[in-house]
Amino acid sequence: MATHGALEALIEGLRRLPGVGVKSAQRMAFHLLQHDRDGALQLASALQAAVAQVRHCERCHTFAEAPLCRICADPQRDARQLCVVETPADQAALERTGSYRGLYFVLMGRLSPLDGVGAREIGAEALMQRAADEALEEVILATSFTAEGEATSHVLAEALRSRGLKVTRLARGVPAGSELEYVDLSTIAHALVDRR
């Protein structure tokens, strides 16, 4: 189906979202225009406001509307622990567990030399400045368990340990409720090595 002008621009805009192809973008655009024009206006307004108002927290680099995010501004958080994550989504996932009360540092990525993403691009220097806080006792590396996440964790661990900090890595293992025969071999091997 041929599209023109504003409709084509809407479809192209929706295609920029991760996992959204041409057909999905068309379905979303047609739905908004045919069935939910109020929703389309609300979405457009929310996107404009977010782009204009959301910035990075000065301490942890997550998304915030104020100079400090609500976590960094909370005096009840444990300043002795700093959890390093790749993205604000990772931080949000950890927060939903309710089991961590320390502070965060969000890298906004991970090392990927093939894509030209080095230590400078992920904010390693800012992390080292943040790690200079005298109250800090432990840095928890909670990067992903991909090759890039492991490399990021290794490089950061070396740099942080050279400053005399205790550095730990997020544990990995067999998911609760799973049967061993269906878990991949690498996960089983790591769970066995990291057993308590």
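The values are calculated or read from the model by the stated rules, or taken from the named source; none is laboratory data. All values reported here derive from a predicted model rather than from experimental measurement. Cβ placement follows ideal geometry from the backbone for every residue including glycine, while neighbour counts extend to all protein chains displayed. These accessible areas exclude ligands, DNA and RNA; they are computed on the full protein's heavy atoms, side chains included. Shrake-Rupley method; radii C 1.70, N 1.55, O 1.52, S 1.80 Å.
Table for the structure above
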item	result
Helix 22-35 vs. the chain, principal-axis angle (Cα, 0 to 90°, nearest 10)	60 degrees
Integer Hz, Karplus 6.51/-1.76/1.60 couplings in order for region 158-172, x for Gly and Pro	4, 5, 6, 5, 5, 9, x, 8, 6, 10, 10, 10, 3, 6, 9
GluC sites (Glu not before Pro) within region 62-120, DSSP loop, no more than 14 other Cβ atoms inside 10 Å	Glu65
Helix-only [θ]222 nm of the chain, DSSP H runs n ≥ 4, -39500 (n - 2.57) each, per residue, nearest 500	-13000 deg cm²/dmol
Portion, in percent, of the accessible area of region 11-131 that falls on carbon or sulfur, probe 1.4 Å	54 percent
Accessible heavy-atom area order of Phe105, Phe63, highest first, probe of 1.4 Å	Phe63, Phe105
Taking region 1-140 and dividing mean pair separation by its residue count, relative contact order in percent (alpha carbons under 8 Å, at least six apart)	17 percent
Note, ³J(HN,Hα) from phi for region 131-148, Karplus 6.51, -1.76, 1.60, rounded to Hz, x at Gly and Pro	6, 7, 4, 5, 6, 5, 10, 9, 10, 9, 8, 10, 6, 5, 9, 7, 4, 5
Between region 87-119 and region 1-60, the Cα center-to-center distance that results, in Å	25 Å
